[in-house]
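Remarks on the structure that follows.
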Amino acid sequence: MFFTQDEKIRALELYRQLYHELDGVLKDADVRRVKDILSKAVAEGNIQRDAFGLNPILMSLETAWLAVSEIGVRRDAVIAIMLCSISKGNDITPEELEKNFGEPVARIMRGLENIQQLYRKNTVVETENFRNLLFSLAEDVRVILIMIADRLNLMRQIRDAEQDELRRRVSEESMFLYAPLAHKLGLYRLKSELEDLSLKYTEHDAYYHIKDKLNETKASRDAYIERFIGPISERLQEAGLKFHIKGRTKSIHSIWQKMRKQRCPFEGVYDLFAIRIILDSPLEKEKMQCWQAFAIVTSMYQPNPKRLRDWVSVPKTNGYESLHITVVGPEQKWVEVQIRTERMDEVAERGVAAHWRYKGIKSDSGLDQWLSNIRTMLEASEGTESIDQFKMELYEDEVFVFTPKGDIYKFPRGATVLDFAYRIHSKVGNTCTGARINGRAVPLRHQLKSGDQVEILTASKQQPKQAWLNIVKTSHARGKIRQALNEARSQERVLGREMLERKLKNHKMELDENILHPLIRKLGIKEAGDFYIQIARGELDSTHVIDLYAELLQKSTDTPATPTESASNFILDTASINSENIKDDVLIIDRKLTGVDYHLSRCCNPIYGDPVFGFVSVSGGIKIHRLDCPNAPELQSRYPYRIVKAKWSGKGGSTYAVTLRLVGNDDIGIISNVTSIIHKEDKLTLRAINISSSDNLFCGNVTILVDDTVQLEDLIKKLQGVKGIKQVTRQ
């Protein structure tokens, strides 16, 4: 009851065709085993009709015949095609597959199952990563060939299907994924049919409009071809060449694309067909006879030298060989003429990997080389039998993994869960505690594999650690970890300083920088930042630090010091400053100012022209801060009695170091454009530049010397005008 009467007749017909075609290759024992497995699966209900109501066993027979007749696959691929309809059932295990049919069949079946699992993850196929992932998971090239044959067979069978939305989805997927795959592998006829059927189901009116127009013009087109090739045939025969000539009409999809690209009606597409002269030539005379035919054609019809394409003298890197020339034919119409031999035509029309880069299909260099190797292997054999031992190693250095939503990410082999977490977002990476891969919990250092579905686990208390730098594989993750560690150290320095100030205050002492530096040196610590970090972490004995500080403070008070004037007692020298600039309790900052210990704060790096204020330190010196300094709110709220009004006087007369943060597209030449703008400014000096890039974006810091805020603002405007720069901010 699983087969209708018509399906039985068609299945028997296909079986006989396959058996005859594979006589001597497909053994009777193979046929019996496959039949027993399928019969058992049907009896136990493990084979069901698909979403279109099609019989999967009959579909497998159709696909097998298409793959054998059009592609040339043999025994292993045919067995895998017949068994793939039960791959989700328990009718046969991988071990039984290998025992009964051999390792190649088991490998192909494993690849087909990987692809089926990929589709079940509800992923988005409209990405280049998805196409790459297919190659990565397939293992064996025949898996891809079977997928293409199976999809073309499905497209043929659903022409009368009532599920319009499902048919449209299948067609769009065929157009985006399977047609380019067929093109990459040189399966030109299969690719063309996939495109035409996809257009038929997605753009019904456009398809039949072009088809009707082609039918209407067929008689006149055929008559024109006869008038064109008649004189050529006579001259070729006179030259003693063996040949046949045919006219190749563009596919409906190609015509539709040209109409859209040129925005013209059907009548505006002039190159609807090409004339192909195919020579029956011995291998050693191919080039000579192709050029002989070329000379005959161009002596009869005026050629367009700009449209000459010589792929006979220097074949394309994919092995494509042919001479193309466009000439003016009867009625002053442009006609493309292609000249090639029987061997060249066979490779161009049917040879696997012969068309993978023909007419603009782009692919990366790894895929190019891989396909070129397939072509060489096929040319050295009589068919695809030699592929039996061929494993796909195209993407051996890359892995492709999924998010729970089905998005695909590419990583280098060896990448870990932590790399994935930082690719999602830096906050996710910083709080990552592990992951759940395919439903199983794994640690941070677990290495990703192609096809994994990764769900990151986080905890709010988790923080990046120095050891994480040894776990991650990608520079993106490593950079984010270093950034997080630096930010954490900065926070610890602030915390450590506050803790020290509080402890000193409890002992009736103030933090004095002049005492602090000798203290740090005496403790054997190189930098003040490390000292504060050790205070925050409790790595230094606070009692010992306070005692040592008190001892150094006592020594400093016992030693007569050079008398210095405190900022609180400072009396402004009005003789050297214009009186109109003086206001009550305002510190006028001028390079001629003497008698006051002041310096520009490093936390905000004020420059001439910035609104500023002064902060009196415990040593009596004054630190100048910008009003918008990140530390300003805290200083003004905690120490309002130390705040001194300040302003700039006269001309600056000095240069100031300013750091700008740049973010933009990682385009070629953009950094050169930035540095060029800086160097063109007469009074600007580039002191340092530090740039990093990730995910097609660059970010970095540029340190320059400027005179004042006017010059700085002018530079920022110019940098913001550079194409590709998204953000320029002052640090």
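The values are calculated or read from the model by the stated rules, or taken from the named source; none is laboratory data. Everything numeric here is computed off the predicted structure, so don't read it as measured data. Positions of Cβ are generated from backbone atoms using ideal geometry, with glycine treated the same way; all protein chains shown enter the neighbour counts. Surface areas here come from the heavy atoms of the whole protein model, side chains and all, with no ligands, DNA or RNA. Shrake-Rupley method; radii C 1.70, N 1.55, O 1.52, S 1.80 Å.
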Every residue in the stretch 218-244 that is without any contact (Cβ under 8 Å) to a residue 12 or more places away in the chain and under 51 Å from the mean Cα position of the chain (by Cα), please.
Lys218, Ala219, Ser220, Ala223, Glu226
Test for Lys218: is it closer than 30 Å to Asp280 by Cα and open to solvent by 20 Å² or more (accessible area, probe 1.4 Å)
yes
Selection from the stretch 464-489 of residues that are open to solvent by less than 50 Å² (accessible area, probe 1.4 Å) and assigned to a helix (DSSP H, G or I)
Trp468, Leu469, His476, Ala477, Gly479, Ile481, Ala484, Leu485, Ala488
Please indicate, with yes or no, whether at least one residue in the stretch 606-613 is within 24 Å of Gln727 (Cα to Cα) and within 34 Å of the chain's Cα centre (by Cα).
no
Would you please list the contacts, defined by Cβ atoms under 6 Å and residues six or more apart or on different chains, that run from a residue in the stretch 446-460 that is in contact (Cβ under 8 Å) with a residue 60 or more places away in the chain to a residue that is open to solvent by 50 Å² or more (accessible area, probe 1.4 Å)?
Gln453/Asn438
Scan the stretch 256-269 and give yes if some residue there is crowded, with 19+ Cβ neighbours inside 10 Å and either of a type outside the set (A, V, I, L, M, F, W, C) or in contact (Cβ under 8 Å) with a residue 24 or more places away in the chain (or both), otherwise no.
yes
Taking Val706 as the residue in question, decide whether it is touching a helix residue (DSSP H, G or I) at 6+ places or on another chain (Cβ under 6 Å), under 19 Å from His599 (Cβ atoms), in contact (Cβ under 8 Å) with a residue 60 or more places away in the chain and buried (at least 18 other Cβ atoms within 10 Å of the Cβ).
yes
Residue in the stretch 292-347 that is most open to solvent (accessible area, probe 1.4 Å), counting only those that are touching a residue at least 24 places away in the same chain (Cβ under 8 Å) and of a type in the set (Phe, Trp, Tyr)
Trp334
Among the residues of the stretch 25-40, what is the count of those that are part of a helix (DSSP H, G or I) and surrounded by 15 or more Cβ atoms within 10 Å (Cβ to Cβ)?
7
Can you tell which of Glu195, Glu172 is of a type in the set (Asp, Glu), more than 21 Å from Gly72 (Cβ to Cβ), crowded, with 18+ Cβ neighbours inside 10 Å and touching a helix residue (DSSP H, G or I) at 6+ places or on another chain (Cβ under 7 Å)?
Glu195
Any chance Lys461 is at pLDDT below 90 and either more than 28 Å from Gly529 (Cβ to Cβ) or in a strand (DSSP E or B) (or both):
no
Enumeration of residues in the stretch 487-524 that are at positive phi and either in contact with a His (Cβ under 8 Å, 6 or more places away or on another chain) or among the small types (Gly, Ala, Ser) (or both):
Gly524
Among the hydrophobic types (A, V, I, L, M, F, W, C) and either open to solvent by 80 Å² or more (accessible area, probe 1.4 Å) or in contact with an Asp or Glu (Cβ under 8 Å, 6 or more places away or on another chain) (or both): does that describe Ile245?
no
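Condition check ((1) at pLDDT below 85; (2) assigned to a strand (DSSP E or B); (3) open to solvent by less than 40 Å² (accessible area, probe 1.4 Å); (4) at positive phi) across all residues:
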site: Ile588; (1), (2), (3), (4): yes, yes, yes, no
site: Arg591; (1), (2), (3), (4): yes, no, no, no
site: Thr594; (1), (2), (3), (4): yes, no, no, no
site: His599; (1), (2), (3), (4): yes, yes, no, no
site: Asn605; (1), (2), (3), (4): no, no, no, yes
site: Asp610; (1), (2), (3), (4): no, no, yes, no
site: Phe613; (1), (2), (3), (4): no, yes, yes, no
site: Val618; (1), (2), (3), (4): yes, no, no, no
site: Lys623; (1), (2), (3), (4): no, yes, no, no
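Scan the stretch 434-441 and give yes if some residue there is more than 23 Å from Ser694 (Cβ to Cβ) and in contact with a Phe, Trp or Tyr (Cβ under 9 Å, 6 or more places away or on another chain), otherwise no.
Checked the stretch 434-441: no residue is more than 23 Å from Ser694 (Cβ to Cβ) and in contact with a Phe, Trp or Tyr (Cβ under 9 Å, 6 or more places away or on another chain).
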Against the conditions (1) modelled with pLDDT under 85; (2) surrounded by fewer than 21 Cβ atoms within 10 Å (Cβ to Cβ); (3) part of a helix (DSSP H, G or I), where does Asn122 fall short? Just the number, please.
(3)
Can you name every residue in the stretch 43-56 that is aliphatic (A, V, I, L, M) and surrounded by fewer than 19 Cβ atoms within 10 Å (Cβ to Cβ)?
Ala43, Ala51, Leu54
Cβ-Cβ under 7 Å, sequence separation 6+ or interchain: first residue in the stretch 632-655 and at negative phi and part of a loop (DSSP other than H, G, I, E, B), partner basic (Lys, Arg) and modelled with pLDDT of 80 or more. Which pairs?
none
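Which of the following residues is in contact with a Ser or Thr (Cβ under 7 Å, 6 or more places away or on another chain) and closer than 30 Å to Glu634 by Cβ: Lys427, Lys480, Lys505?
Unique residue meeting the criteria: Lys480.
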Among residues of the stretch 432-458, those that are part of a loop (DSSP other than H, G, I, E, B) and open to solvent by less than 80 Å² (accessible area, probe 1.4 Å), counted
8
In the stretch 657-700, how many residues are in a strand (DSSP E or B), open to solvent by less than 40 Å² (accessible area, probe 1.4 Å) and touching a Phe, Trp or Tyr at 6+ places or on another chain (Cβ under 8 Å)?
3
Counted residues, the stretch 273-289 - those being buried (at least 18 other Cβ atoms within 10 Å of the Cβ) and assigned to a loop (DSSP other than H, G, I, E, B)
1
Selection from the stretch 275-305 of residues that are hydroxyl-bearing (Ser, Thr, Tyr) and either within 16 Å of His324 (Cβ to Cβ) or modelled with pLDDT of 95 or more (or both)
Thr298, Tyr301
Can you tell me which residues in the stretch 434-460 are within 17 Å of Lys405 (Cβ to Cβ), out of contact with any Asp or Glu (no Cβ under 8 Å at 6 or more places or on another chain) and among the aliphatic types (A, V, I, L, M)?
Val454, Ile456, Leu457
Modelled with pLDDT under 85 and assigned to a loop (DSSP other than H, G, I, E, B) - does that describe any residue in the stretch 128-138?
no
Open to solvent by 20 Å² or more (accessible area, probe 1.4 Å), modelled with pLDDT of 85 or more and polar (S, T, N, Q): does that describe Gln157?
yes
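Taking Lys555 as the residue in question, decide whether it is basic (Lys, Arg), more than 60 Å from the chain's Cα centre (by Cα) and at pLDDT 65 or above.
It is true that Lys555 is basic (Lys, Arg), more than 60 Å from the chain's Cα centre (by Cα) and at pLDDT 65 or above.
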Taking the stated definitions as given, is Ala161 over 23 Å from Ile144 (Cβ atoms), of a type in the set (A, V, I, L, M) and in contact with a Lys or Arg (Cβ under 8 Å, 6 or more places away or on another chain)?
yes
